[in-house]
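Quick notes on the structure that follows.
The values are calculated or read from the model by the stated rules, or taken from the named source; none is laboratory data. Note that the structure is predicted; figures quoted are calculated from it, not measured. A quick note on method: Cβ atoms are made from the backbone with ideal geometry, for glycine too, and the neighbour counts reach across all protein chains shown.
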Amino acid sequence: MPNRYEAALNRIAEKFRRTAAAAAEAGIIPYRSAEGKWFASPYDGNSWWTGGFWPGLMWQLWRLTGDGFFREEARRVEGLLTEEFRSFRLLNHDVGFMYLLSCGADAKLTGDAQAETDLLHAASLLMGRFNPAGFIRAWNEPERTGYAIIDCMMNLALLYRASRDSGDPRFRLAAKVHADTTLREFQRADGSFSHIIEFDPESGRRVREHPGQGYALGSQWSRGQAWGLYGFALAARNLGEEKYLEAALRGARNFTAHIRPDGLTDCDFCQPADEERIDNIAGAIAACGLQVLSGLTGDGAWRDAAARLVDGLLEHCADWGEDRCGILTRCTASYHDDGAGRHTNILYGDYFLTEALMKLCGRDPDLWN
Ligand code: GLY
């Protein structure tokens, strides 16, 4: 008899075996689902930052089931993503999310040589965004040359991997400079993280914090908190210094103190008490990062906290309906902008829920490594 996490994984594989073919027929990279259909990202076509989560999910399910359908579907989208190298101007620091979970997963799980070449290509694009004044530039607008964001702590995983695979320390050294700046400038005394900090691109001096996808300037956008705690856990594992582990632990204490009684996660930990705005993606990401922390510290309490989050998601927000596509409901892309989705299924929520379950079952292929 499989435990409830194994059972949930089997249901996820079964649902995607049934619904993924529609995405292939439509030739799209699914971003969200509604009314029984997959929809592509509303922004930037196949260069939008979330394109890697579909192949990442397919690789997770290939690892789980060995079913070649999932490998081929991952590779279909890997092909679409590598075509985006030509667009270049639309790609930004999120090449980490896009190519680590597509080319990186393929190279890691199958040894495919072209996938490895494409991974190193993507890492070189990320390196090209490194400003020696102390940070990796997030976005491309001319007025945002000095912007860096907390999400980038996850993209650094592409650089750690590239250094290991190529034997060239430059990628890791650049990642370390960015991680040090993030530690100094983004983490607050209570363990929470700012979303966006602007630096002077010449001197690296801090200019100001900007409001981002959370409730307000100085608030705690929950997905940003999850990126921070998972990103610093990965930094601790790859850069090996205690200060990154401590940063991840401070972030984890802050995050877990804000988990709702039902196990779900508010979109912002500072949102008004009467506002019912959930972002389950944040909880799913945190459930992954907390398990990495549990492995690094040997402290099972972090795994228990991850299980509490996953239990909340499975109990309240898993949609197993036959006539609908994705699984995790009540995902919210941004507090103030509903254009990218509010309280709906968003595919990267499904990705992180699956990764969290794979970790809980000891089956995780460790795609961020
Ligand atoms: N990396 C952008 C987001 O989390 O929405």
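Residue-wise test of (1) closer than 17 Å to ALA13 by Cα; (2) acidic (Asp, Glu); (3) part of a loop (DSSP other than H, G, I, E, B).
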position	(1), (2), (3)
ALA333	no, no, yes
GLY339	no, no, no
ASN345	yes, no, no
ASP350	yes, yes, no
PRO365	yes, no, yes
TRP368	no, no, yes
Can you give me the number of residues within the range 330-369 that are crowded, with 24+ Cβ neighbours inside 10 Å and among the acidic types (Asp, Glu)? 2
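Residues checked against (1) within 15 Å of the ligand (Cβ to nearest atom); (2) surrounded by fewer than 20 Cβ atoms within 10 Å (Cβ to Cβ):
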site: ARG188; (1), (2): no, yes
site: SER203; (1), (2): no, yes
site: ARG206; (1), (2): no, yes
site: TYR215; (1), (2): yes, no
site: SER222; (1), (2): yes, no
site: ALA235; (1), (2): no, no
site: THR256; (1), (2): no, yes
site: ILE281; (1), (2): yes, no
site: ALA284; (1), (2): yes, no
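Select the helices (runs of 4 or more DSSP H) contained entirely in the range 19-102, then report the ones holding at least 2 residues which are more than 19 Å from ASN155 (Cα to Cα) and away from the ligand (no atom under 16 Å from the Cβ).
53-65, 68-83
Before we move on, is GLY349 within 16 Å of the ligand (Cβ to nearest atom), touching a strand residue (DSSP E or B) at 6+ places or on another chain (Cβ under 7 Å) and at pLDDT below 95? Quick ask: steps written out before the conclusion?
Details: within 16 Å of the ligand (Cβ to nearest atom): yes; touching a strand residue (DSSP E or B) at 6+ places or on another chain (Cβ under 7 Å): yes; at pLDDT below 95: no.
Here the answer is no, as GLY349 does not meet what is asked.
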When the range 56-90 is examined, which residues are found to be farther than 23 Å from ALA7 by Cβ, buried (at least 23 other Cβ atoms within 10 Å of the Cβ) and either of a type in the set (A, V, I, L, M) or touching a Lys or Arg at 6+ places or on another chain (Cβ under 7 Å) (or both)? ALA74, VAL77, LEU81
Do we find a residue being of a type in the set (Gly, Ala, Ser), over 23 Å from LYS359 (Cα atoms) and surrounded by fewer than 15 Cβ atoms within 10 Å (Cβ to Cβ) anywhere in the range 11-21? yes
When the residues of the range 320-329 are filtered to those that are without any contact (Cβ under 8 Å) to a residue 60 or more places away in the chain and touching a strand residue (DSSP E or B) at 6+ places or on another chain (Cβ under 7 Å), which remaining residue is surrounded by the most Cβ atoms within 10 Å (Cβ to Cβ)? LEU328
Would you tally the residues in the range 33-42 being under 18 Å from the mean Cα position of the chain (by Cα) and either exposed (fewer than 14 other Cβ atoms within 10 Å of the Cβ) or farther than 24 Å from ALA318 by Cβ (or both)? 0
When residues of the range 316-331 are limited to those that are outside any loop (DSSP other than H, G, I, E, B) and more than 16 Å from the ligand (Cβ to nearest atom), the one farthest from the chain's Cα centre (by Cα): HIS316
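On the basis of being in a loop (DSSP other than H, G, I, E, B) and more than 19 Å from the chain's Cα centre (by Cα), does ALA174 make the cut?
Working: in a loop (DSSP other than H, G, I, E, B): no; more than 19 Å from the chain's Cα centre (by Cα): yes.
Judged against the criteria, ALA174 is not a match.
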